[in-house]
Amino acid sequence: MRAIRVTTFGSIENLKLESNVPVPVVGKREVLIKVNAAGVNPVDTYIRSGTFSLLPELPYTPGSDASGVVEEVGSEVTKFKKGDRVCTVRSVSGSYAEYATAEDKYVNHLSDKLSFAQGAAIGIPYYTAVKALQIRAKARPGESCLIHGASGAVGIAAIQFAKAIGLYVVGTAGTKEGMALVKNTGADLVFNHKEEGYIKAVQAAIVGADIILEMLANVNLQKDLDLVNTRGRIVVIGCRGSIEINPRSTMAKESSIMGVNLMTATDEDLQEAHRVIKAGIEEGWVEPKVSTTYPLGEAKTAHHDVINNQGTTGKLVLDTTK
Ligand SMILES: NC(=O)c1ccc[n+]([C@@H]2O[C@H](COP(=O)([O-])OP(=O)(O)OC[C@H]3O[C@@H](n4cnc5c(N)ncnc54)[C@H](OP(=O)(O)O)[C@@H]3O)[C@@H](O)[C@H]2O)c1
């Protein structure tokens, strides 16, 4: 089969398309998926570069998120059969390939209403949104939530989940197109995080936020501490550097800063998120927005773009059939 292989950690040049990779063998509790689309996540680039805390053994095929059709099931799998449309959040063999194996507990049926590209956009973004809002921040209906960076893959998932559980949602984006996407996805209010003074505008509009989901903490954490309500929760999802903050801000309002890390999520957390997302696919609120689809052989460009994009408008996906 065709697959992207990495034999040495390093730059995007280390993503090589190979055409004679063996199809992975399905384990007892695993599903072999004929992959139609694979999600490209920022963490795939941290792993490829060798800087992430958890690294696979070399050589490996990148990617955790995939969607496609079940080709074969392991002897102990009962929930899936050959021909089912599915998506997964974890892959044993790697999703940037024509075939991938996944443990059945991480696989969901994919509604006919969603395309394969949308199916590949569910994994990490939606599980992270559920983990951040429900498991870490313990969001309650009626609370207000600022999604600081709402135009990307996790942000879109978070808007949809937050609205589904009854939150008042304020989102930010860096361009007019991104702002329109955030609004159309269901945010009650939208602001531009590139505009000077936007934090004051958010404050004027909503007073403060009970929950803040932060996609770029190294830029925004002090602003979040200023904006969060008394006993509010700031959930750090994305951070690409360090920042100086004044911890006194947390005392005055008894606010909390908490991190989220999907890669080290417990099985219990993943199963809770799995149940929420399964229901969301059935109910229809899980509706990923895909901005760009690349052929499998252009994984390098996708890795470049997912880290350097400005003016994000949703998810980047690989079409593994091309
Ligand atoms: N902790 C975890 O378990 C976990 C899981 C998934 C993702 N992440 C991390 O979360 C981050 C987002 O992931 P993603 O897949 O959604 O990436 P993405 O699709 O590339 O989205 C990035 C988002 O950040 C926004 N952004 C850019 N500058 C910003 C600023 N100054 N303030 C606020 N937001 C800003 C972008 O908006 P514009 O482009 O419109 O400016 C966009 O909405 C990444 O750093 C990723 O590594 C962490």
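Between rounded, prolate and oblate, where does segment 228-312 land on the alpha carbon gyration tensor, with a ≥ b ≥ c its root eigenvalues, rounded for a/c under 1.5, else prolate if a/b exceeds b/c?
Oblate.
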Checklist entry - In percent, what relative contact order does segment 26-99 have, based on Cα pairs under 8 Å that are 6 or more apart in sequence? => result 42 percent
Item to check | Set of lysines with alpha-carbon distance to residue 81 below 23 Å, sequence-local pairs under 8 removed | outcome: 28, 34, 105, 113, 278
Checklist entry - Can you work out ³J(HN,Hα) from phi for every residue in segment 14-24, in order, using Karplus 6.51 cos²θ - 1.76 cosθ + 1.60 and θ = phi - 60°, giving whole Hz and x for Gly and Pro? => result 7, 8, 10, 7, 10, 10, 10, 7, x, 5, x
Next on the checklist: Within a 10 angstrom radius of the beta carbon, how do 90, 240, 248 rank from fewest other beta carbons to most?
Outcome noted: 248, 240, 90
Next on the checklist: Output wanted: per-residue J couplings in Hz (rounded whole) for segment 120-135, from phi through Karplus 6.51 cos²θ - 1.76 cosθ + 1.60, θ = phi - 60°, x for Gly and Pro.
Outcome noted: 6, 8, 7, x, 3, x, 6, 4, 5, 4, 5, 5, 5, 7, 8, 7
Checklist entry - What residues qualify as long-range amide H neighbours of residue 191, i.e. H under 5 Å apart, gap of 5 or more or another chain, H built at 1.01 Å from N? => result 171, 172, 173
Next on the checklist: I need the per residue convex hull volume for segment 35-94, using only the alpha carbons, in cubic angstrom as a whole number.
Outcome noted: 103 Å³
Checklist entry - What's the center-to-center distance, using Cα atoms, between segment 218-254 and segment 89-112 in Å? => result 36 Å
Item to check | Simple spin-label estimate for residue 1 and residue 200 in nanometres, 7 Å along Cα-Cβ | outcome: 5.6 nm
Item to check | Distance (nanometres) between label positions extended 7 Å along Cα→Cβ at residue 84 and residue 218 | outcome: 4.1 nm
Item to check | C-alpha long axis of helix 176-185 to longest principal axis of the chain, angle in ° | outcome: 80 degrees
Checklist entry - Counting only residues 5 or more places away or on other chains, whose amide H sits under 5 Å from the amide H of residue 99 once H atoms are built in the peptide plane? => result 35
Next on the checklist: Counting only GluC sites (Glu not before Pro) that sit in a DSSP loop (anything but H, G, I, E, B) with at most 10 other Cβ atoms within 10 Å, what is the longest stretch of the chain containing none of them?
Outcome noted: 77-195
Checklist entry - How much of the DSSP beta bridge set in the chain is antiparallel, as a percent to the nearest 5? => result 50 percent
Item to check | Label-point gap, in nm, between residue 285 and residue 113 - each point 7 angstrom along Cα→Cβ | outcome: 1.3 nm
Item to check | the chain, helix-only ellipticity at 222 nm - DSSP H runs n ≥ 4, -39,500 (n - 2.57), divided by all residues, nearest 500 | outcome: -8500 deg cm²/dmol
Item to check | Theoretical gain in end-to-end length, residue 11 to residue 258 [0.36 nm per residue, Cα-Cα removed] | outcome: 85.8 nm
Checklist entry - Over segment 150-196, what is the mean sequence separation of C-alpha contacts under 8 Å (at least six apart), divided by residue count, expressed as relative contact order in percent? => result 38 percent
Item to check | Built amide H within the under 5 Å cut-off of residue 228, gap 5+ | outcome: 209
Checklist outcome for this item: For residue 200, counting only lysines whose alpha-carbon sits under 26 Å away and dropping same-chain residues fewer than eight positions off, the answer is 163, 176, 183, 223, 253
Checklist entry - Rg to Rh ratio, segment 172-259, alpha-carbon atoms and Kirkwood radius? => result 0.96
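Computed from the mean reciprocal separation of all distinct C-alpha pairs, what Kirkwood hydrodynamic radius does the chain have, in Å?
Numbers: mean 1/r = 0.0502 Å⁻¹.
Over the chain, the inverse of the mean reciprocal pair distance is 19.9 Å.
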Checklist outcome for this item: For 34, 253, ascending order of other Cβ atoms within 10 Å (fewest first) is 253, 34
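Give me 179, 258, 263, 215 sorted ascending by neighbouring Cβ count inside 10 Å, so fewest comes first.
Fewest-to-most ranking of 179, 258, 263, 215: 258, 263, 179, 215.
Rule-based calculations on the coordinates, nothing more; no lab input. Quick caveat, the model's predicted, so the values are computed rather than measured. Reconstructed Cβ throughout: ideal geometry from the backbone, glycine too, with neighbour counts over all protein chains shown.
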